[in-house]
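To keep things clear, I will list the structure first and then write my remarks on it.
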Amino acid sequence: MLNLSVAKSVPNFYLTFILRFCYQPLKYFQKSLILDKPYPMSQHPYREDREALKELLRLYDNLRNGRPNSFLQEDDFERIINYFDEKDDLPSALEATELSVEQYPFSSSLLIRKADILLAMRKYQEALQVLDQAGLMDSQDVDLYILKTDAYLALDQQAEAVEILQDALSLFDGEERVDLLFELADVYDDYEAFDKVFDCLQLILEQDPLNEEALYKICFWTDYTGRNEESIRLHQRILEKHPFSELAWFNLAAGYQGLKLYEKAIDAYQYAVAIDEKFDYAFRNMGDAYLRLRKYKEAIDSLEKVLELTRPEDVIYEAIGHCYHRLGNYAQARFNYKKASHLNPDDSKLYYKVAVTYILEQQWQPAIKQLEQAMRIHRHVADYNLAMGECYMGLEKYKEAVKYFGLVVRSKPKNRLAWESLLSCLLEAEFYEEAIVQSEAALEITGQKSIFLFYISMAYYRAGYLKEAFLYLELGMQKNAKLMKRFVELYPPVLQHPQVVDILARYKKSKRTEE
């Protein structure tokens, strides 16, 4: 018979914190409204800015066309180059950089800007030549190395990109070194040296423990590389100096969770939400940890907090439904599974899970309706057909039940559960002759699984062939006496037959003697 006491799978809703994988925090600011100004200010700064740019473009056009008395500062050229770049007019931007370099041949910043435009135009070798030239002017500009890296990566020369960045790391410190480490991490990611990505992020956090981008990314790479112990040690060091970093607490918790140390993970998540009470991913993962510990009530509390803080997700409702299911509250389980199915109507397993709650309450017709919806999406899933057979057995419509069990047996002939469901149905329907045939087939097809010796015995017993029944019962007890309980469950009155009792008692006595 089917084991439908619990849902077949735990919802996989634990998401390692991949939020904003290429996250760059935007710094917003608001200018103060100064009522008493010590000096007059322009009422139309944007108009003046446009007029200034218009004048610069006029001067640039004069210079470009060789008109006399035309002169532009180095900063003016950069502004003009940016203007064309923002308009996606790369040829004009390149022309402006070339003219700027003619006017200021020793400006490394203009050469780097020219290389940047060449990269955008996919002229990688030319860009590298210009960057080499810029390096002779100023080797202390971090953009020089970052753009060289981009060029080498575009040329599929990852080793050269790594070498450039590793050499540059010794030249810089502070924010510039952090930028280089991020660039190096991206290079390692590009050619799948994932452990080295983790190493780069670890170096960043050792230098800048509260770097948000690194904290977000290292959580993902910890899970991906399985380096949970190192992540735990790193974040413990960070928290010793910065105990109010909710991201560090979250990452510490995720490290514990990766090692299945769920109690410790929960403690760390609780610190994270104490610092930031709207930290929805911490509540989400805490819910998962409680679920793994089978603390379903606590899991429900955490997951319902997620629903308060974020927009509804089918996976959260499914997880809450699973918790209620395990608590035996099938009505609430069903309510949440249905919520999940409304959000994700193409997920057939959600309809199946709703059906299971009805089956456990022996509400066969509502269960069938849910299974029909599941099977419209995925017709041949074994669990759905087995559940449908269970429903029709409950309604005592045995021919329909046999049809669904038979479908699974034909598609998965070595599936023991499918055979047991079919044989139980045949016995309950009193199709004894067919039960004999099918139980013997099950024994052969499944590789002589001993459980089917007991089914054969029961089929013969119910058909009135006692000699054969006792023979197969003896064989079954010889192979696996522990399955005797399953044999008795098939037809409890069998214990009223003295010869059956004698066989069972004999093997029980033999087992005690061996012990």
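Could you go through segment 461-472 and let me know if any residue there is closer than 30 Å to ARG379 by Cβ, touching a helix residue (DSSP H, G or I) at 6+ places or on another chain (Cβ under 6 Å) and touching a residue at least 12 places away in the same chain (Cβ under 8 Å).
The answer is no, given that none of the residues of segment 461-472 is closer than 30 Å to ARG379 by Cβ, touching a helix residue (DSSP H, G or I) at 6+ places or on another chain (Cβ under 6 Å) and touching a residue at least 12 places away in the same chain (Cβ under 8 Å).
Conditions: (1) buried (at least 16 other Cβ atoms within 10 Å of the Cβ); (2) among the basic types (Lys, Arg); (3) more than 30 Å from ASP173 (Cβ to Cβ). LYS278 meets all but one. Number of the miss?
Condition (1) is where LYS278 drops out.
Among the residues of segment 182-228, which ones are without any contact (Cβ under 8 Å) to a residue 12 or more places away in the chain and in a loop (DSSP other than H, G, I, E, B)?
Selection gives GLU192, ALA193.
Given the criterion assigned to a loop (DSSP other than H, G, I, E, B) and at pLDDT 85 or above, identify the matching residue among PHE84, PHE106.
One residue alone meets the criteria, PHE106.
Report yes if some residue within segment 352-359 is under 12 Å from GLU318 (Cβ atoms) and without any contact (Cβ under 8 Å) to a residue 24 or more places away in the chain; otherwise report no.
Within segment 352-359, one or more residues are under 12 Å from GLU318 (Cβ atoms) and without any contact (Cβ under 8 Å) to a residue 24 or more places away in the chain.
Please work out which one of (1) among the small types (Gly, Ala, Ser); (2) outside any loop (DSSP other than H, G, I, E, B); (3) free of Cβ contacts under 8 Å to residues at least 40 places away in the same chain is the condition ALA254 fails and give its number.
(3)
Spot the failing condition for PRO312; the list is (1) modelled with pLDDT under 95; (2) surrounded by 24 or more Cβ atoms within 10 Å (Cβ to Cβ), and only one is missed.
Against the list (1) modelled with pLDDT under 95; (2) surrounded by 24 or more Cβ atoms within 10 Å (Cβ to Cβ), PRO312 comes up short only on (2).
The values are calculated or read from the model by the stated rules, or taken from the named source; none is laboratory data. As the structure is a computational prediction, the values presented were derived from the model and not from experiment. Every residue, glycine as well, gets a Cβ built from its backbone with ideal geometry; the counts of neighbours run over all protein chains shown.
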